[in-house]
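First the structure, in the form of structure tokens, and then the observations on it.
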Amino acid sequence: MMDYRELYKIAKEAAKNAYAPYSRFRVGAALLTAGGKVYTGVNVENASYSAGICAERTAFVKAISEGEREFAAIAVDAGNAPAVPCGICRQFMAEFAPNIDVITGPMKEDEAGGGLRVRPLSQLLPEAFALQTEQPE
Ligand code: THU
């Protein structure tokens, strides 16, 4: 099982690829599948601001579109600003991984435990919306 500090470092590295010319807020995510693969994601902004997508959803869309369905953890880094997933991303993630571990920083190398926070998504989004009807596969 991959160490969460390692996963967070991958998110931090991925943030370098963020496309954030409008907000200048660069975010990176690293999504760990149940099988041990990592999919990265970055925020991708757009001149039509609302067309932009967050790093977390980018990582999920990449993984889902490669056939992944089981997830263990997602790390999110936004440089020195502590970032937690936005409400839309929480709902988006809950569709696939209602109990995924969400790892957020910032990392303080000199602090015991690395300064990382690990919380289950169910804590960040209690009572996530789900359709009561039968879900398609
Ligand atoms: N953003 C993310 O990518 N993830 C978060 O958890 C919070 C916000 C992005 C969206 C936008 O491109 C920029 O950060 C500023 O909101």
Please work out if Ala51 is among the aliphatic types (A, V, I, L, M), modelled with pLDDT under 95 and within 12 Å of the ligand (Cβ to nearest atom). no
Before we move on, is Arg90 within 15 Å of the ligand (Cβ to nearest atom), within 16 Å of the chain's Cα centre (by Cα), surrounded by fewer than 16 Cβ atoms within 10 Å (Cβ to Cβ) and not small (Gly, Ala, Ser)? no
Among what's in segment 19-40 and is near the ligand (Cβ under 8 Å from one of its atoms) and among the aromatic types (Phe, Trp, Tyr), pick the residue that is farthest from Ala73 (Cα to Cα). Tyr22
Would you call Ala51 more than 19 Å from Arg90 (Cβ to Cβ), more than 16 Å from the chain's Cα centre (by Cα) and among the aliphatic types (A, V, I, L, M)? yes
Identify the residue in segment 1-43 that is of a type in the set (A, V, I, L, M, F, W, C) and touching a Gly at 6+ places or on another chain (Cβ under 6 Å) and, among all such residues, is nearest to Val102 (Cα to Cα). Ala29
Conditions (1) open to solvent by 60 Å² or more (accessible area, probe 1.4 Å); (2) in a helix (DSSP H, G or I); (3) within 11 Å of the ligand (Cβ to nearest atom): number failed by Arg5: (3)
Please state which one of Val44, Val76 is at pLDDT 95 or above, farther than 27 Å from Glu127 by Cα and in contact with a strand residue (DSSP E or B) (Cβ under 6 Å, 6 or more places away or on another chain). Val44
Hey, can you tell me all the residues within segment 93-116 that are within 16 Å of the ligand (Cβ to nearest atom), open to solvent by 30 Å² or more (accessible area, probe 1.4 Å) and at pLDDT 95 or above? Asp101
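The values are calculated or read from the model by the stated rules, or taken from the named source; none is laboratory data. Being a predicted model, the structure only gives us computed values, none of them experimental. Cβ sites come from the backbone with ideal geometry, for glycine too, and all protein chains shown count toward neighbours. Heads up: the accessible areas ignore ligands, DNA and RNA and are worked out on the full protein's heavy atoms, side chains in. Shrake-Rupley method; radii C 1.70, N 1.55, O 1.52, S 1.80 Å.
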